[in-house]
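**Student:** My structure is below; once you've seen it, I'll send some questions.
The values are calculated or read from the model by the stated rules, or taken from the named source; none is laboratory data. Because the structure is a prediction, the values reported are computed rather than measured. Positions of Cβ are backbone-derived with ideal geometry, glycine not excepted, and every protein chain shown enters the neighbour counts.
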Amino acid sequence: MTLLLALGAWAEDTEESDSINKAMQVLDSFMYSFNTRDMNSWSETLNYPHVRIAGGKVTVWDTKEEYSATNVFNRLTATGWDHSAWVSRDVVLVSKNKVHISTVFQRYDKDNNPMKNYQSLYVVTNDEGHWGVQARSSLAP
């Protein structure tokens, strides 16, 4: 009985570690494609419908095509933004098919000077084998 409980806990830990690794890979791809301003690649890092809560609004994109048709980069570059980077990523909830990650990201100008950082929560899910950001809530505008 003790062996079965230990094996069950080990399998659970292995599943959770695998989920965390996949979620972190998604966030790495999310940030990379965001910084290269590639809407098609960026939209691949998401699961749909995709929800963003920020700037006092809730926005929902139902499909990859709908999301990739948006362009957030003109507004960002007008603020002096050039790129962003993760400052911290802390897992706060994990299961086999979902990981909640509390993050802080930093925005930088073209000279790599920090502009501002923001706290956020990312919900990364496994939707039929595709790991992607399903929802994000940020204190960014």
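**Student:** Mind listing whichever residues of the range 29-73 are assigned to a loop (DSSP other than H, G, I, E, B) and either more than 24 Å from residue 114 (Cα to Cα) or free of Cβ contacts under 8 Å to residues at least 60 places away in the same chain (or both)?
**Tutor:** Selection gives 36, 37, 38, 45, 56, 62, 63, 69, 70, 71, 72.
**Student:** Could you tell me which of the residues 91, 104, 72 is under 19 Å from residue 17 (Cα atoms) and of a type outside the set (Lys, Arg)?
**Tutor:** When all the criteria are applied, what remains is 91.
**Student:** Can you pull out the residues in the range 41-59 that are touching a helix residue (DSSP H, G or I) at 6+ places or on another chain (Cβ under 9 Å) and among the β-branched types (Val, Ile, Thr)?
**Tutor:** 45
**Student:** Moving on to the next point. Of everything in the range 30-50 that's surrounded by fewer than 17 Cβ atoms within 10 Å (Cβ to Cβ) and in contact with a strand residue (DSSP E or B) (Cβ under 8 Å, 6 or more places away or on another chain), which residue is nearest to residue 136 (Cα to Cα)?
**Tutor:** Across the range 30-50, the extreme among qualifying residues is 49.
**Student:** What residue, among those in the range 54-93 that are surrounded by 15 or more Cβ atoms within 10 Å (Cβ to Cβ) and closer than 14 Å to residue 123 by Cα, is nearest to the chain's Cα centre (by Cα)?
**Tutor:** Per the stated criteria, the residue is 89.
**Student:** So is residue 138 at pLDDT below 95, of a type outside the set (A, V, I, L, M), surrounded by 13 or more Cβ atoms within 10 Å (Cβ to Cβ) and within 24 Å of residue 61 (Cα to Cα) or not?
**Tutor:** yes
**Student:** Only one of (1) within 19 Å of the chain's Cα centre (by Cα); (2) at pLDDT below 95 fails for residue 13. Which number is that?
**Tutor:** Of everything listed in (1) within 19 Å of the chain's Cα centre (by Cα); (2) at pLDDT below 95, residue 13 misses just condition (1).
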